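Notes to accompany the following structure.
The values are calculated or read from the model by the stated rules, or taken from the named source; none is laboratory data. Keep in mind it's a predicted model, so treat the numbers as computed, not measured. A quick note on method: Cβ atoms are made from the backbone with ideal geometry, for glycine too, and the neighbour counts reach across all protein chains shown.
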Amino acid sequence: MGQVTNADIYNKLIDIEGRLSTVETFAPVVTELQKIVIAGNGTPPMKERVNKIEDYIKVRKDVEKEKKEGINKIQLILITAVIGNVIATAFSFFK
């Protein structure tokens, strides 16, 4: 199943608007949807809000990934220090 982009959703809404606006009973509903979804109705448009949410999710994933990589580096440094200490202790014991 492929990814559905905001542009796909926007294009489908425009297509639906074109089809439904020809039917008089649906015209007020389409106008309200256009105000809310496309124009924003006093707030940023839905497309813009969804883009911001997607950007935020991407940033959070990147932060979590960097955080995990940072922990792995610290663990590697600690393990190396412990092994080095064991080798130095063993060397001084047998010397």
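Does any residue of the stretch 41-51 turn out to be of a type outside the set (S, T, N, Q), loosely packed, with under 10 Cβ neighbours inside 10 Å and modelled with pLDDT under 80? Taking every residue of the stretch 41-51 in turn, at least one turns out to be of a type outside the set (S, T, N, Q), loosely packed, with under 10 Cβ neighbours inside 10 Å and modelled with pLDDT under 80.
Within the stretch 4-40, restricting attention to residues that are small (Gly, Ala, Ser) and surrounded by 12 or more Cβ atoms within 10 Å (Cβ to Cβ), the residue that is modelled with the lowest pLDDT is 21.
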